[in-house]
Amino acid sequence: MLLFSSFPLKYRYHRLAASLIFKAVLPVWQCVCVAVCVCACFMFLSLCLPSDINECETIPDACKGEMKCFNHYGGYLCLPRSASVIPAPEPPITPTETNPCPLGYEPQGDTCVDINECEREEHDCQPSQECINTVGAFTCQCPDGYRKVGTECIDIDECRYRYCQHRCVNVPGSFSCQCEPGFQLAGNNRSCIDVNECDMGAPCSQRCYNTYGTFLCRCDQGYELGPDGFACNDIDECSYSSYLCQYQCVNEPGKFSCVCPEGYQLQGTRLCQDINECETGEHQCTDTQTCVNIHGRYQCVDSNRCQEPYVQVSENRCVCPVNKPVCRDLPFSIVHRYMSITSERSVPSDIFQIQATSVSPGAYNTFRIRSGDENGDFYIRQINNISAMLVLARAVSGPREYTLDLEMVSVNPLLSYQGNYQTSSALRLSIYVGPYTF
């Protein structure tokens with residue numbers, strides 16, 4: 001909607017002429033002369049002033065497209081077809097003697113000064129518009145962010161011009177830029193720069209890695225990332241396999257460790273090795289006892305284990321004197337030995353070799369288990385005339401102890417004339433079966 005406030009010049013001359021007619025105080029005989037002068041003045045004005053041309057009628061297609069032509073004095077306007085023109089009301093006709101100044105001015109002494117229509121509120125600007133005083137007139141100006149359409153101020157949608165890098169939010173009279181998650185506005189309030197979430201307290205429980213527009217959480221060794229992507233949960237390595245440790249696996253935060261039973265020590269990171277308490281001095285055997293190391297523990301045995309009718313002749317060796325009748329049916333000598341084996345040992349398994357220390361010329365030797373193997377867990381495999389192997393026949397579990405009398409019987413035909421052609425000696429072997437397979 002447009003408002004024409006310009007006052008045509010020709011109307012000002014008409015008003016001037018009229019004022020001459022109605023204001024002149026002349027004698028009656030001069031009225032005819034004045035009337036003739038007035039009529040001549042009007043004729044002169046009509047001949048001298050140019051008449052307006054209606055370009056909307058004289059110019060073919062003065063406005064293109066959907067625009068409509070509106071004629072006004074001295075020109076024309078192309079406006080949308082929905083626009084309408086409301087001519088400004090003509091200012092009241094005042095005698096030139098009262099205000100001899102042009103429109104928009106007022107007399108001040110001998111000069112004409114501009115009228116500030118904005119201060120006097122003699123304007124027709126809308127409440128949303130700002131009145132700007134100009135020389136001889138005024139204009140209605142829209143606030144920043146608005147454009148004038150007709151008499152109204154319409155918000156400018158700045159987001160149509162893609163000022164923002166990511167998202168644009170139009171607001172009345174302005175706009176704002178917003179960034180996607182993981183970014184923040186740069187100093188120009190339009191561009192978006194990456195946010196380093198790791199430096200801003202990202203919720204990673206252990207390690208944080210910044211990436212473009214986001215971040216990643218990672219865990220230390222021994223931990224795994226939880227379903228939320230932030231928390232690190234301990235990995236129970238012990239639940240994955242029963243072979244991580246030889247004895248027992250103990251889960252710890254971020255790792256695991258292997259432990260060994262009492263009497264054993266960790267060898268490396270997962271194996272258990274028997275502690276030889278007899279060598280380390282961690283035993284309580286007396287001076288009359290001998291410390292025997294076995295799997296997982298130790299055993300204190302008497303230094304003299306000879307029993308009647310045997311007598312001790314050296315360490316661990318007992319002899320039955322030939323002058324004692326009872327010794328006739330007993331092995332001549334008994335040697336005490338000790339050994340330890342693990343539980344569930346694979347079978348058959350060679351565990352102890354018997355070796356004759358002295359052999360008479362022409363003697364024939366045989367080996368046997370004299371006692372202690374009531375369940376048949378062992379057997380003897382003879383290697384040659386002077387040695388044999390004790391073999392574990394069945395897998396056994398500990399802790400358990402065997403005492404086997406392994407006998408070597410010697411037959412010497414060369415001594416048959418003496419009637420003493422057969423003799424024997426025994427090895428008393430104490431076998432300790434440990435509680436574990438290691």
At 7 Å along the Cα-to-beta-carbon direction for both residue 52 and residue 207, put a label point, then send me their distance in nm to one decimal. 8.3 nm
Taking the Cβ-Cβ separation of residue 311 and residue 255 as r and a Förster radius of 60 Å, what is the calculated FRET efficiency to the nearest 0.05? 0.50
Considering only protein heavy atoms and a 1.4 Å probe, what is the carbon-and-sulfur percentage of the accessible area of segment 214-348? 47 percent
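Compute the relative contact order of segment 91-227 as a whole-number percentage, counting only Cα pairs closer than 8 Å that sit 6 or more residues apart in sequence.
Averaging sequence separation for qualifying contacts and normalising by length gives 10 percent for segment 91-227.
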Which value, in Å² and to the nearest 10, is the accessible area of residue 269 when all protein chains are kept and the probe is 1.4 Å? 110 Å²
Which one, 202, 241, 269, projects farthest toward the positive side of the charge dipole computed for segment 178-300 from Cβ point charges (K/R +1, D/E -1)? 202
Ranked output for segments 254-261, 64-71 by mean other Cβ atoms within 10 Å, highest leading, reads 254-261, 64-71
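Can you send over the carbon and sulfur percentage of the accessible area for segment 113-182, probe radius 1.4 Å, protein chains only?
On the way: 2150 of 4490 Å².
Reported share for carbon and sulfur atoms: 48 percent.
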Could you give the accessible area per residue of segment 255-350, probe 1.4 Å, as a whole number in Å²? 62 Å²
Under a plain spin-label model, where a point goes 7 Å from the Cα along Cα-to-Cβ, how far apart in nm are residue 68 and residue 364? 14.4 nm
Label points 7 Å out from Cα along the Cβ direction at residue 154 and residue 99: separation in nm? 3.5 nm
Using alpha-carbon positions, what is the distance between the centroids of segment 183-226 and segment 229-276, in Å? 35 Å
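The values are calculated or read from the model by the stated rules, or taken from the named source; none is laboratory data. Everything numeric in this text was worked out from a predicted model, so none of it was measured. Glycine gets a Cβ as well: all are built from the backbone with ideal geometry, and neighbour counts include every protein chain shown. Remember, those area values only see protein heavy atoms, side chains included, never the ligands or the DNA or RNA. Shrake-Rupley method; radii C 1.70, N 1.55, O 1.52, S 1.80 Å.
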